[in-house]
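Any read-out appearing in this document is the output of simple, stated calculations on the displayed coordinates, not a laboratory observation. Quantities reported herein were computed from a predicted structural model and do not represent experimental measurements. In this analysis, Cβ positions are derived from the backbone assuming ideal geometry, glycine residues included, and neighbour counts consider all displayed protein chains.
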């Protein structure tokens with residue numbers, strides 16, 4: 001007879017590989033992206049082959065830039081005796097937290113040759129900076 005404790009310990013081990021499956025599928029569908037910055041602006045570049053401007057939603061809310069859309073890519077290879085087709089479909093969503101000196105009101109997006117380029121200008125002038133807080137003995 002199998003003890004209850006052994007059975008209870010077995011089931012979590014069985015389901016463990018599937019625990020984060022949804023996140024892994026979302027990562028697979030998420031487009032590759034780069035984030036960088038220079039003296040004037042921050043830049044986000046995202047690969048979106050086969051996606052049109054109308055299928056992309058670029059928004060700024062509560063200090064976050066969110067890029068959502070519908071991904072659809074098709075690749076076909078043909079030969080004399082074989083045919084191969086590979087398709088990927090699905091929604092994607094990526095969010096990026098804006099730095100304190102980013103001006104989210106002046107964000108711009110441009111799609112060219114399957115690459116989305118997002119430019120977020122930096123605010124001119126000083127942005128409130130942090131300060132060191134002295135630790136006292138209690």
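Can you give the FRET efficiency to the nearest 0.05 for residue 124 and residue 34, using r as the Cβ-Cβ distance and R₀ = 25 Å? E between residue 124 and residue 34, to the nearest 0.05, is 0.50.
Counted by neighbouring Cβ atoms within 10 Å, the residues 58, 48 run from fewest to most as 58, 48. Between residue 100 and residue 61, full extension at 0.36 nm per residue minus the direct alpha carbon distance yields a gain of 12.7 nm.
I'd like to compare 33-42, 95-104: which one has the highest average count of other Cβ atoms within 10 Å, and what's the full order after that?
95-104, 33-42
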